[in-house]
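*Asks:* Have a look at this one.
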Amino acid sequence: MARRDDLIAHVYRLVGVVRSAHLKRVLTGAEPDPPLNFWRLIYGNLLDIAVLEWCKVFGTHGEPTHWKNVVPDHDAFRKGLLVALKIDESAWVAYWEEMKNYRDNLVAHHIENGSVKNYPRLDLALESSYYYYGYLITELRSLGETKYPDDLRLYGEKFAAQATEIAKAALGGTARMTERVS
């Protein structure tokens, strides 16, 4: 079993994915096409951070932050993940490649004429984060750790509800402003 510190580090990465993804969705839902570069930068950064944090956990297998360094039974975890996501291995590989390609070409490295055609959707990133968090929280509870929420999905929903109120107020506070920097 992984050390408590490794489990907690992965919890924080997954919480980062969930917060960033939900906040991106909330802001986009409140104002899909913000007129200010301020907001556009924030929207883009939220997507980038969600993808980057997700890739730390689910991306390159050789990374020290990959889930395989924490979960001992890789086959059982992968099988459970695919069942939870309601997809097969080929759909997972396609999603993994999309996320990793976005990260490699636009976030972590800049590759001229990169092959990113679309921005990644974060549905499977959220679902895979919820699944992995369930594994982590079970391990942490077995160690007597009770500090973290039991359910990351429920936490994410509460975070999104509060963020919706904040986003509406913040976007409303800048609604009359016009872009002055071009």
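*Asks:* Inside segment 1-41, can you point out the residues that are in contact with a helix residue (DSSP H, G or I) (Cβ under 6 Å, 6 or more places away or on another chain) and of a type in the set (Gly, Ala, Ser)?
*Replies:* Gly16, Ser20, Ala21, Ala30
*Asks:* Suppose we filter Ala84, Ala76, Ala94, Ala50 for residues that are under 30 Å from Glu179 (Cα atoms) and part of a helix (DSSP H, G or I); which single one remains? First the steps, then the outcome.
*Replies:* Values: Ala84 fails: under 30 Å from Glu179 (Cα atoms); Ala76 fails: under 30 Å from Glu179 (Cα atoms); Ala94 fails: under 30 Å from Glu179 (Cα atoms).
Unique residue meeting the criteria: Ala50.
*Asks:* Right, something else. Please go through segment 18-65 and pick out each residue that is in contact with a Lys or Arg (Cβ under 6 Å, 6 or more places away or on another chain) and of a type in the set (Val, Ile, Thr).
*Replies:* Selection gives Val51, Val57, Thr65.
*Asks:* What about Pro34, is it farther than 16 Å from Leu126 by Cα, free of Cβ contacts under 8 Å to residues at least 40 places away in the same chain and not small (Gly, Ala, Ser)?
*Replies:* Values: farther than 16 Å from Leu126 by Cα: yes; free of Cβ contacts under 8 Å to residues at least 40 places away in the same chain: no; not small (Gly, Ala, Ser): yes.
It is false that Pro34 is farther than 16 Å from Leu126 by Cα, free of Cβ contacts under 8 Å to residues at least 40 places away in the same chain and not small (Gly, Ala, Ser).
*Asks:* Those residues that are part of a loop (DSSP other than H, G, I, E, B) and surrounded by 10 or more Cβ atoms within 10 Å (Cβ to Cβ), I need them from segment 59-71; list them, please. Quick ask: steps written out before the conclusion?
*Replies:* Taking segment 59-71 and keeping what is part of a loop (DSSP other than H, G, I, E, B), we get 59-66, 70-71.
Correct list: Gly59, Thr60, His61, Glu63, Thr65, His66, Val70, Val71.
So that you can scan it fast, the table gives a plain yes or no per residue for (1) within 13 Å of the chain's Cα centre (by Cα); (2) modelled with pLDDT of 90 or more; (3) in a helix (DSSP H, G or I):
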{"site": "Leu106", "(1), (2), (3)": "no, no, yes"}
{"site": "Ser115", "(1), (2), (3)": "no, no, no"}
{"site": "Tyr131", "(1), (2), (3)": "yes, yes, yes"}
{"site": "Ile137", "(1), (2), (3)": "no, yes, yes"}
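*Asks:* A follow-up question, please. Residue pairs, Cβ under 8 Å, 6 or more apart or interchain, first in segment 49-62 and free of Cβ contacts under 8 Å to residues at least 12 places away in the same chain, second of a type outside the set (Val, Ile, Thr) and in a helix (DSSP H, G or I). List them.
*Replies:* Partner pairs satisfying both residue conditions: His61/Lys68.
*Asks:* Ok, one more. Quick one: is Leu152 in contact with a Phe, Trp or Tyr (Cβ under 7 Å, 6 or more places away or on another chain) and more than 19 Å from Ala50 (Cα to Cα)? Quick ask: steps written out before the conclusion?
*Replies:* Working: in contact with a Phe, Trp or Tyr (Cβ under 7 Å, 6 or more places away or on another chain): yes; more than 19 Å from Ala50 (Cα to Cα): no.
No: the conditions fail for Leu152.
*Asks:* If you don't mind, there's one more thing I want to ask. Residues of segment 139-182 being in contact with a Leu (Cβ under 8 Å, 6 or more places away or on another chain), assigned to a loop (DSSP other than H, G, I, E, B) and under 13 Å from Glu31 (Cα atoms), which ones?
*Replies:* Hit for segment 139-182 is Thr174, nothing else.
The values are calculated or read from the model by the stated rules, or taken from the named source; none is laboratory data. Source: prediction; values computed, not measured. Cβ coordinates were reconstructed from backbone atoms using ideal geometry, including for glycine residues, and neighbour counts include every protein chain displayed.
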